[in-house]
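Nothing in this text is a laboratory measurement; each read-out follows from the coordinates by a stated rule. Computed from a predicted model, the values in this text were never measured in an experiment. Because the Cβ atoms are built from the backbone with ideal geometry, glycine has one as well, and the counts that use them run over all protein chains shown.
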Amino acid sequence: MTARVGVVLFPGSNCEHDAVEAVESLGGKADIVWHGATSIPGVDAVLLPGGFAHGDYLRPGAIARFSPVMEAVGRFAADGGPVVGICNGFQVLTEAGLLPGALQKNAGLKFLCTTVDVRVDSVQSVLTADASVGDILRIPINHFEGNYTCSAETLAALRSEARVVLRYVDNPNGSTDDIAGICNERGNVVGLMPHPERASDPLLGSEDGLVLLRSFLGAGARR
Amino acid sequence: MSTTFDVLVEVSLRPGIADPEGSTVERALPALGFNGVDGVRVGKAIRFSIEAGDEATARTQVEDLCHRFLANPVIEDTRVEVTPR
């Protein structure tokens, strides 16, 4: 597997090295790309990592969507390139309009830092292609704004088009329809709140994130 | 000839959107002896000034700014006050 993944670093990102490590552990290559870059040449896939881009000021992702790199990410996505946003990266993708809906504050009033079970509910995305529907994956979550919400029409579309890729087995944050991760119409842009890069080695307590990252690298390698 | 307008934008969560900060404030009030307070919602106030030819133009620009940046229409509403300086 030789996909080259561009891991975008915004001021305030804090999971970029974990993502690089996980990609490299699977034999992929990873480059950290500064948010000020206006192009992302030579990458086969783009990963927006977790953290607090631009301090989460105004709203998580609200300012990151104006970072110069996001125009290049938008072009890459429009061209069918695999893009995944993890946690804060998911929030950035919704603010940028690359995924529908929004992440509101957790219903339980608490910042959540724990490990949860998520179920693969669609394999029609670059992140879940190598998994099987019904797989239960044990993956850490770490967020305050992880409660996915969207209009009734958007939810109906997500459901009928099998675009809810991951659901919580035991909903921790009040997320609509237990949604933990969704994809766009083409399945090449995926956002999820759980952190697969933190479930990528037995030492971390789980390797269940690897199947997701392997799918993502595979999609990149096929480009 | 342009005028300076002072702008106040109030951003609030739309009805039905979880407001943990508001709920927490509300739950703390009885401990201070404030009873009967209901429906606490915490939002944001954003103030700035803008140069525009007239108030209608200023308001149109501010509303566009709100829609595209200051608020996320999926979860937030805005209220705009525009006052000539």
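From the phi angles alone, apply the Karplus equation (6.51, -1.76, 1.60; θ = phi - 60°) to the range B:72-82 and give each ³J(HN,Hα) in whole Hz, x where the residue is Gly or Pro.
So the Karplus estimates, Gly and Pro as x, are 9, x, 5, 10, 10, 10, 10, 10, 10, 10, 10 Hz.
Just the C-alpha atoms of the range A:29-167: what Rg/Rh do they give, with Rh taken as the Kirkwood radius? Kindly include the intermediate steps, with their values, before the conclusion.
On the way: Rg = 15.3 Å, Rh = 16.1 Å.
Expressed as Rg/Rh, it is 0.95.
Bin all alpha-carbon pair distances of the range A:1-73 at 5 Å intervals from 0 and give each bin's fraction as a whole percent.
Per 5 Å bin, starting at zero, the Cα-Cα P(r) for the range A:1-73 comes out as 3, 19, 27, 23, 16, 8, 3, 0 percent.
Before anything else, pin down the relative contact order of the range B:3-84: Cα pairs under 8 Å, at least 6 apart, normalised by residue count, whole percent.
52
How large are Rg and Dmax for the protein assembly as shown when only the alpha carbon atoms are used, in Å?
Both quantities, over Cα of the protein assembly as shown: 20.7, 68 Å.
Taking each residue of A:149-157 in turn, how many C-beta atoms of other protein chains fall within 10 Å of its C-beta, and what is the average?
What the average comes to for A:149-157 is 1.
Once the dipole of the protein assembly as shown is set up with Lys and Arg at +1 and Asp and Glu at -1 on Cβ about the Cα centre, which of B:P73, A:W34, B:L29 lies farthest towards its positive end?
A:W34
Å³ per residue of the Cα convex hull, for the range B:3-84?
Taking the convex hull of the Cα positions in the range B:3-84, it is 105 Å³ per residue.
Quote the relative contact order of chain A in percent (integer), defining contacts as alpha-carbon pairs under 8 Å separated by 6+ residues.
RCO, chain A: 22 percent.
Pairs of alpha-carbon atoms within less than 8 angstrom and 6+ residues apart define the contacts here; what relative contact order does the range A:1-110 have, in percent?
On the way: 209 pairs, mean separation 28.8, N = 110.
Averaging sequence separation for qualifying contacts and normalising by length gives 26 percent for the range A:1-110.
For chain A, with the dipole built from +1 on Lys and Arg beta-carbon atoms and -1 on Asp and Glu ones, taken about the Cα centre, which of A:N171, A:L204, A:N184 lies farthest toward the positive end?
Final value for the positive-end residue is A:N184.
Quick check: net charge around A:A152, other residues with Cβ under 12 Å of its Cβ, Lys/Arg +1 and Asp/Glu -1?
-1
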